[in-house]
Structure formats: structure tokens, C-alpha cells
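*Asks:* Dumping the structure here so I can ask a few things about it.
The values are calculated or read from the model by the stated rules, or taken from the named source; none is laboratory data. Being a predicted model, the structure only gives us computed values, none of them experimental. Every residue, glycine as well, gets a Cβ built from its backbone with ideal geometry; the counts of neighbours run over all protein chains shown.
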Ligand code: ATR
């Protein structure tokens, strides 16, 4: 018999979620096992249907299912609708609610781990994929003053900017050329990398969207890439005198937000971080 909470993806072998989620459940004395379910796309509908069972709490959703599950739930929250992806499904008396905590997890990571409140800030987001979408949604909600989306393919930055333009809030969309970046990056107090530049094992591990001389010493630089923990981009932020902040915190806080909604209790944040940090150290 399956447990009442877990994460599903395909493949799922490398997920770190059970480590910190289980630590949270244990600390609160909740007798559940946080499982990892390898669910192939053709088995997804059948798996999601099991989430309606009485007593089932929640399923965390990871790649490649975050969009595919949308038609399989009964209701989407405003965040899931805006981000266009579901990373948690909650069972509310047999009704499945699809939600997205990537954006709110990012904001909590920024506030609780980097001590930065983006309200009124000038921000630049590098990238225009799925992670950028969640972060742009979050920054808009948090009340940033000015937002620039910089992407190699400028059309994708323009589409993202236009999706979130509303009233006085109109993100700029630029390409990643030095010229374009130099008009925005030096004035930003928040820089967020969501591109795959700097990712371990990728084709551009030693690359960065921007270098130190363009970065303000007052800037916080957040990298959604979490392996390696200190990317080239974060080293450039540090060299500029800014504050580097790492991506594992976004991953853990998206899980913590889901944990709190699934259990209805405040998560033991320190215990959950201690568990993931220990696991990462042990490799
Ligand atoms: P995610 O869901 O993690 O955001 P994604 O949707 O594949 O991933 O988005 C990857 C992002 O990294 C995109 O913004 C991509 O730019 P393009 O839209 O131009 O493809 C960016 N990216 C990937 N490789 C890059 C590179 N070598 N230089 C600059 N940007 C790159």
C-alpha cells in the first residue's frame, strides 16, 4: 500500500525531497512515509486518480509532469494558473487542487535565507523558461518596482513580460548582449539566474549570464542553479561585493510550502534544512 504523501516524477532516482520532507513529518510526529514515485507519462492519469483516496494528503509533482497533470485535477489555484504549472496536488475531501509553490518558495528563500525583501527593488531575471515564469510571478506579487527579463531568445522574454504586464507593472524584455545588459544590470539590487548557465554537467558549467564589473555592490544575486552550490554567477556577485544566495533554498522552500498546506501545520524549517544539508554533505 502506498503512503499518503510523496513526490512523483520520471525519473525520480535523484530526488532530495523525501530526505527533508521525512525529517519534517517525523519532527511533528506525523506517522506517514514521504515516498518517491517513479511514474511514467502513460501511467500518470492512473496515479493521479489514486490521490482522491480518503486519507491521502498530497503529491508533489516534478519533471516531466508539471504541465501534464493540469487537466487531471479538479481545480487550480491562482498561482498554478498564472505559472502554468502544478508542483503540488492536494486532496481536499476527494477533490484535487493543483497548486504551484515555486514562486512562493523562491520568495521565502530570498526573505528567510538571504534577508532580502524584493518590495520596491529593481530586479533583473536572466532566462525566460519555467523557473523564470514562477519567479516573475512571485516578484510581481511581492511588489518589485522595476523588472527586467533578459533572455538569449528575446522573443521569449517579450512573451513572458507581456503575460505579466498589468497596469503600471510592465517588465522590460531584453536580449543577453553586453550592451543591453549594461542598461539594466548595474542598477539592479536583485539579480536572479534561471538559465542553465553554470549548471554542473551541462555544456556551460563555467559560464555566467553577467560578470562582476556590471554588478552593483548592493545587489543580492540568487542562482536557481543549485549544483554546484557556488556557481560562476554567484562568484561574480561575490567579487562585485554583492550577496550571493543559492538555489537549494528555493527547492527546499517550495517543499516546505507544500508540506504546510498538506499537513495544515507550520513546518520545522531548521530541522528540514539540517536534514538536506546533511544529505548533501554525505553525497
Ligand atoms: P527551466 O524550466 O529550468 O527554466 P527551460 O525552460 O529549459 O528551463 O529554460 C532554460 C533557460 O536557459 C532559457 O531561458 C534558455 O534561453 P533560450 O530561451 O534562449 O533557450 C536559457 N539558456 C540555456 N542555455 C543557454 C545558453 N547557453 N546561453 C544563454 N541562455 C541559455
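*Asks:* Within the stretch 179-215, track down each residue that is in contact (Cβ under 8 Å) with a residue 12 or more places away in the chain, assigned to a helix (DSSP H, G or I) and closer than 28 Å to residue 162 by Cβ.
*Replies:* Listed by number, the residues that qualify are 180, 181, 182, 185, 186, 187, 214.
*Asks:* For residues that are more than 17 Å from the chain's Cα centre (by Cα) and assigned to a helix (DSSP H, G or I), tally how many sit in the stretch 253-268.
*Replies:* Residues in the stretch 253-268 being more than 17 Å from the chain's Cα centre (by Cα) and assigned to a helix (DSSP H, G or I): 2 in total.
*Asks:* Of the conditions (1) at pLDDT below 95; (2) in the same structural domain as residue 59 (by TED's automatic domain parsing), residue 256 clears all except one; give me its number.
*Replies:* Of the numbered conditions (1) at pLDDT below 95; (2) in the same structural domain as residue 59 (by TED's automatic domain parsing), the odd one out for residue 256 is (1).
*Asks:* While we're here: With within 26 Å of residue 229 (Cα to Cα) and in contact with a helix residue (DSSP H, G or I) (Cβ under 7 Å, 6 or more places away or on another chain) as the only criterion, which of 200, 123, 173, 204 stands out?
*Replies:* 123
*Asks:* Let me ask you something else. Consider the stretch 126-157. How many of its residues are within 15 Å of residue 102 (Cα to Cα) and more than 10 Å from the ligand (Cβ to nearest atom)?
*Replies:* So the count comes out to 7.
*Asks:* Give the residue, chosen from 116, 106, 56, that is at pLDDT 95 or above, within 16 Å of the ligand (Cβ to nearest atom) and in contact with a helix residue (DSSP H, G or I) (Cβ under 8 Å, 6 or more places away or on another chain).
*Replies:* Going through 116, 106, 56 in turn, just one is at pLDDT 95 or above, within 16 Å of the ligand (Cβ to nearest atom) and in contact with a helix residue (DSSP H, G or I) (Cβ under 8 Å, 6 or more places away or on another chain): 106.
*Asks:* What tally of residues in the stretch 17-35 results from selecting those that are touching a helix residue (DSSP H, G or I) at 6+ places or on another chain (Cβ under 7 Å) and either in a helix (DSSP H, G or I) or not assigned by TED's automatic domain parsing to the domain that holds residue 272 (or both)?
*Replies:* 7
*Asks:* To continue, here is another question. How do the pairs read when you match residues in the stretch 135-164 that are surrounded by fewer than 21 Cβ atoms within 10 Å (Cβ to Cβ) with residues anywhere that are modelled with pLDDT under 95 and part of a loop (DSSP other than H, G, I, E, B), using Cβ under 8 Å and keeping only pairs 6 or more apart or on different chains?
*Replies:* none
*Asks:* Next question. When the residues of the stretch 217-227 are filtered to those that are within 16 Å of the ligand (Cβ to nearest atom) and free of Cβ contacts under 8 Å to residues at least 40 places away in the same chain, which remaining residue is surrounded by the most Cβ atoms within 10 Å (Cβ to Cβ)?
*Replies:* Within the stretch 217-227, the match that is surrounded by the most Cβ atoms within 10 Å (Cβ to Cβ) is 223.
*Asks:* I need a count of the residues in the stretch 216-230 that are in contact with a helix residue (DSSP H, G or I) (Cβ under 8 Å, 6 or more places away or on another chain), farther than 23 Å from residue 16 by Cα and in a loop (DSSP other than H, G, I, E, B).
*Replies:* 2
*Asks:* What number of residues in the stretch 36-48 are out of contact with any helix residue (DSSP H, G or I) (no Cβ under 8 Å at 6 or more places or on another chain) and surrounded by fewer than 17 Cβ atoms within 10 Å (Cβ to Cβ)?
*Replies:* Count: 6.
*Asks:* Could you list all residues from the stretch 165-174 that are touching a strand residue (DSSP E or B) at 6+ places or on another chain (Cβ under 7 Å) and either surrounded by fewer than 16 Cβ atoms within 10 Å (Cβ to Cβ) or within 17 Å of residue 195 (Cα to Cα) (or both)?
*Replies:* Hits for the stretch 165-174 are 173, 174.
*Asks:* From the list 195, 249, 208, pick out the single residue that is in contact with a strand residue (DSSP E or B) (Cβ under 6 Å, 6 or more places away or on another chain) and modelled with pLDDT of 95 or more.
*Replies:* 195
*Asks:* Sticking with this structure for a sec: Collect the residues in the stretch 158-190 that are within 16 Å of the ligand (Cβ to nearest atom) and within 18 Å of the chain's Cα centre (by Cα), keeping them in residue-number order.
*Replies:* 160, 164
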